[in-house]
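Visitor: Let me give you the structure first, and then I'll get to my questions.
Nothing in this text is a laboratory measurement; each read-out follows from the coordinates by a stated rule. These numbers come from a predicted model, not from an experiment. Quick reminder, even Gly has a Cβ in these numbers, built from the backbone with ideal geometry, and neighbours come from all protein chains shown.
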Amino acid sequence: MASVPLLCNICPKEPEFSDISHLLTHVASKGHLFQHHEAQIRGRQDATIRGKLATYDRWHERYHIGKLLSDRRIAKETKDASSRKPSGTAKPSAAASTKTAKPRKRRATTTAKQRVCALAP
Ligand SMILES: [Zn+2]
């Protein structure tokens, strides 16, 4: 695979990235998506922006940025799914323990008061 130019030409700062991971994070970010949307709107009136957007779209197409994002999303979701499993089983037991803990707390406060009374001369 040809190396992807690690830059974004449609964001105002035209950021460059040290690796593909950073680039993909940027491309999926709200800030970038907003700029892309803005470029689509403003490009209707501004030929410079239209040109930038065309360059961006070519880059996006040529280096299969959409596929890279999709692959990365799948990899992330499978990771999340595997890490979610233990916490998912822990949740119901945690809820059950809080239910049983409440009456215990009340008892604890009454005994604490009784202890204070007992300590008081
Ligand atoms: Zn960008």
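Visitor: If only one of 22, 36, 26, 32 is out of contact with any Cys (no Cβ under 9 Å at 6 or more places or on another chain) and within 29 Å of residue 74 (Cβ to Cβ), which one is it?
Guide: Result: 22 is the single residue among 22, 36, 26, 32 that is out of contact with any Cys (no Cβ under 9 Å at 6 or more places or on another chain) and within 29 Å of residue 74 (Cβ to Cβ).
Visitor: Among the residues of the stretch 1-20, how many are within 12 Å of the ligand (Cβ to nearest atom), assigned to a loop (DSSP other than H, G, I, E, B) and surrounded by 10 or more Cβ atoms within 10 Å (Cβ to Cβ)?
Guide: Adding up the residues that qualify gives 8.
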